[in-house]
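Colleague: Here it is, the structure, as structure tokens.
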Amino acid sequence: MSTAPATSLRIERTFDAPADAVFDAWTNPEVLRRWWATDPSWTTPVAEVDLREGGRWRLSMEDPADGRRYTVAGEYREVRRPERLVYSWCWETGDPPDGHVSLVTVDFVASGGRTTVVLEHALLSSPASRDGHAAGWEACLTSLRDRIFTMTDHEA
């Protein structure tokens, strides 16, 4: 049984890539445009990163079927390459753009050429928001695996 607050979530996913590469995928705008979306058909038309404590970031994902765009932004609170990112999270557009600010912590745990991402998203506005964000993060992490790290398998 989890002791996490009802408005927090925690997800772990291991990638067959070194921590530097996974950290860069999370912070390099060119790489973010290739994977940051919750559906395989969606695109990432906006990826802005000022990677420093106090720097701002902004990401948009877009559904090409109807043109709806979902934009989230925040400020980096901690940047420790390649071990950790902490940043605020606030939806500018989407469902709903309510102005609520939550907090994301991403730890990149290296082990033997692989990296486990430990993502914690805290201070969400409600259990329903937590559940929606959990589904979104799961989809984004699957996209990261499928679009970026599929070619990292060792060849015989």
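The numbers here are math on the coordinates, done by the rules we state, and not lab data. Computed from a prediction, not measured in an experiment: that's the story for all the values here. Quick reminder, even Gly has a Cβ in these numbers, built from the backbone with ideal geometry, and neighbours come from all protein chains shown.
Colleague: Percent of Cα-Cα pairs per 10 Å bin, from 0 to the last occupied bin, for the chain, please list those.
Modeller: The distribution over the chain is 11, 41, 38, 10, 1, 0, given as percents.
Colleague: Order 61-70, 108-117 from most to least packed using the mean count of other Cβ atoms within 10 Å.
Modeller: Answer by packing, highest mean first, reads 108-117, 61-70.
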